[in-house]
Amino acid sequence: MLKRIDLTRDYDKHKSEYMEAIEAVCRETAFSGGKYADRFDREFADYIGVKHASGVNNGTSALHLAMLTLGVGEGDEVIVPANTYVATAWGVSYTKATPVFADCTPDTWELDPEDTERKLTDKTKGIIGVHLYGQPFEFNKIKDIADRHGLFVVEDCAQAHGAVYEGRKVGSLGEMGCFSFYPGKNLYAFGEGGSVTSDNEKYIDKIEVYKNQGCRERYYHEVIGYNMRLEGLQGAVLSVGLKHLDEWTARRREIGRRYLKEITNPIFTMQSHPDNTDPVFHLFEVMVPDPEDFLKYMAEHDVECNRHYPAPCHLQQAYRHLGYKEGDCPNAERLATHCATLPLFPEMTDEEAGLVIRLCNGYNPAH
Ligand SMILES: *Cc1c(COP(=O)(O)O)cnc(C)c1O
């Protein structure tokens, strides 16, 4: 069975590097925050091309702390795309503000600037754009709307480590970039991890205080804080991964571009990738009339596929109290109804990618 993603191949290949890094943390008992977490912060800031990065315990916390740092709270609204992993909206909700879901465009499947503008009210404080599937959203158009209305733009970069928008890496474009290092993300920890990136020292200073129990000086608490530090072990593992990220990304791009070119069966619709972006193919999503039938067909041929995401945020039960109904975000709903995710990870062989392509081209649901 070819899995949708297989992390064991990376572990097998780089085991001694990972183990050495873990051993060093254990020897120095630098477990919570500390030397290895700090070192990764510096390396990651350099990689993204920003002045600062602050490691946290996961991507959801990164988004939560970004909202707190920007002063989002009760009575405020923040625009969030309807098609994303739901955690994009959690941070807004944790502050008692309201996520307002905007549709995606029919071709890029990224946050639609026009619907974003339509959803603004006098309560809107900002916009969270998501570089979904590793494809940068149309930042300049979103930023232009934000500037005209005095709003912030935060980037959810959980799926887009290293993706490029007009020559700049995502995570360096908005007020802050929020990253996840959940296993399976393009850069991943051996457990949970996340980071907030920014050129603005004031923001990162607040993130550092919030994540560290509200302290700047130990045992003196300026604000009601959280325990959301990055673990030393994760920092050390992430430093190993970061060394390989460019090579992983190159391989993802190779496979992604092959799929785009060689899957020619017209039953599939694919995401478009505008020329001013260089995506990192976190998830290779296609739209197909009956995704469950397609998944079954692929499984019968020993290839695992899955779906991201079968239900859009605005129709989740968790957000039922907001009163959305079917038809409110039609492009996101169509995507949710028809999406299927093909296998794609850096260690896939050319033969395996070829098999996926052949099976896709041979798929005919009438049979
Ligand atoms: C994974 C993910 C998150 C959440 O990150 P965690 O580290 O799992 O908390 C948020 N947004 C998007 C788009 C994601 O893919």
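The criterion of at least 3 residues that are within 30 Å of D246 (Cβ to Cβ) and of a type in the set (A, V, I, L, M, F, W, C) is met by the following helices (runs of 4 or more DSSP H) wholly inside segment 285-367: 350-361. Within segment 80-115, take every residue that is of a type in the set (V, I, T) and in contact (Cβ under 8 Å) with a residue 60 or more places away in the chain and give me the one that is farthest from V196 (Cα to Cα). Looking at residues that are of a type in the set (V, I, T) and in contact (Cβ under 8 Å) with a residue 60 or more places away in the chain, I get T105. Condition check for A89 on (1) more than 19 Å from the chain's Cα centre (by Cα); (2) crowded, with 18+ Cβ neighbours inside 10 Å: one failure, at (1).
Of the residues making up segment 167-184, those that are within 11 Å of the ligand (Cβ to nearest atom) and in contact with a helix residue (DSSP H, G or I) (Cβ under 8 Å, 6 or more places away or on another chain) are C178, F179, S180, F181, Y182.
Just the residues that are under 19 Å from the mean Cα position of the chain (by Cα) and either more than 16 Å from the ligand (Cβ to nearest atom) or within 22 Å of T337 (Cβ to Cβ) (or both), please, taken from segment 271-304. Can you show your working first?
Residues of segment 271-304 that are under 19 Å from the mean Cα position of the chain (by Cα), as a first pass: 271-274, 277-286.
Q271, S272, H273, P274, T277, D278, H282, L283, F284, E285, V286, listed by residue number.
Listed by position, the helices (runs of 4 or more DSSP H) enclosed by segment 50-123 that each have at least 2 residues that are among the β-branched types (V, I, T) and in contact with a strand residue (DSSP E or B) (Cβ under 6 Å, 6 or more places away or on another chain) are 87-94.
Residue-by-condition table, conditions (1) out of contact with any Gly (no Cβ under 7 Å at 6 or more places or on another chain); (2) surrounded by fewer than 21 Cβ atoms within 10 Å (Cβ to Cβ); (3) within 18 Å of I128 (Cβ to Cβ):
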| position | (1), (2), (3) |
| --- | --- |
| M1 | yes, yes, no |
| D6 | yes, yes, no |
| F31 | no, yes, no |
| A53 | yes, no, no |
| A62 | no, no, yes |
| M67 | no, no, yes |
| G75 | yes, yes, yes |
| I79 | yes, no, yes |
| C104 | yes, no, yes |
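Go through segment 127-182 and report how many residues are closer than 14 Å to V50 by Cα and of a type in the set (S, T, Y). Total meeting the criteria: 1.
Run A53 past the list (1) closer than 21 Å to K202 by Cα; (2) away from the ligand (no atom under 16 Å from the Cβ) and report the number of the one that doesn't hold. Among (1) closer than 21 Å to K202 by Cα; (2) away from the ligand (no atom under 16 Å from the Cβ), the lone unmet condition for A53 is (2).
Listed here are the residues, each with its yes/no results for (1) of a type outside the set (K, R); (2) modelled with pLDDT of 95 or more; (3) more than 12 Å from the ligand (Cβ to nearest atom).
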{"position": "L187", "(1), (2), (3)": "yes, yes, no"}
{"position": "G194", "(1), (2), (3)": "yes, yes, no"}
{"position": "I207", "(1), (2), (3)": "yes, yes, yes"}
{"position": "K211", "(1), (2), (3)": "no, yes, yes"}
{"position": "R218", "(1), (2), (3)": "no, no, yes"}
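Taken together, D76, D103 contain a single residue that is closer than 27 Å to R334 by Cβ and either polar (S, T, N, Q) or more than 16 Å from the ligand (Cβ to nearest atom) (or both), which is D103.
Does F152 satisfy the criteria of being closer than 19 Å to I207 by Cα and crowded, with 24+ Cβ neighbours inside 10 Å? Can you show your working first?
Working: closer than 19 Å to I207 by Cα: yes; crowded, with 24+ Cβ neighbours inside 10 Å: no.
Considered against the rule, which asks whether it is closer than 19 Å to I207 by Cα and crowded, with 24+ Cβ neighbours inside 10 Å, F152 comes out as no.
Could you list, in sequence order, all residues of segment 224-260 that are basic (K, R) and under 26 Å from E20 (Cα atoms)?
Going through segment 224-260, the residues basic (K, R) turn out to be 229, 243, 251-253, 257-258.
Selection gives R229, K243, R251.
S172 satisfies every condition listed in (1) buried (at least 22 other Cβ atoms within 10 Å of the Cβ); (2) in contact (Cβ under 8 Å) with a residue 40 or more places away in the chain; (3) under 15 Å from A45 (Cα atoms) except (1). Looking at this structure, is G256 crowded, with 21+ Cβ neighbours inside 10 Å, at pLDDT 95 or above and farther than 18 Å from I5 by Cβ? The answer is no for G256. The set of residues in segment 325-367 that are farther than 15 Å from I267 by Cβ and among the small types (G, A, S) comprises G327, A332, A336, A353, G354.
Residue pairs whose Cβ atoms lie under 7 Å apart, separated by 6 or more positions or on different chains, with the first residue in segment 313-341 and within 18 Å of T116 (Cα to Cα) and the second in a helix (DSSP H, G or I) and of a type in the set (F, W, Y), are C313/Y319.
Scanning for something touching a His at 6+ places or on another chain (Cβ under 7 Å) and either surrounded by 15 or more Cβ atoms within 10 Å (Cβ to Cβ) or at pLDDT 95 or above (or both), does segment 38-51 turn up at least one residue? Walk me through it before giving the result.
Step one: list which residues in segment 38-51 are touching a His at 6+ places or on another chain (Cβ under 7 Å), which gives 45.
Filter again for either surrounded by 15 or more Cβ atoms within 10 Å (Cβ to Cβ) or at pLDDT 95 or above (or both), leaving 45.
For segment 38-51, residues touching a His at 6+ places or on another chain (Cβ under 7 Å) and either surrounded by 15 or more Cβ atoms within 10 Å (Cβ to Cβ) or at pLDDT 95 or above (or both): present.
The values are calculated or read from the model by the stated rules, or taken from the named source; none is laboratory data. As the structure is a computational prediction, the values presented were derived from the model and not from experiment. Backbone-built Cβ (ideal geometry, glycine too); neighbour counts: all protein chains shown.
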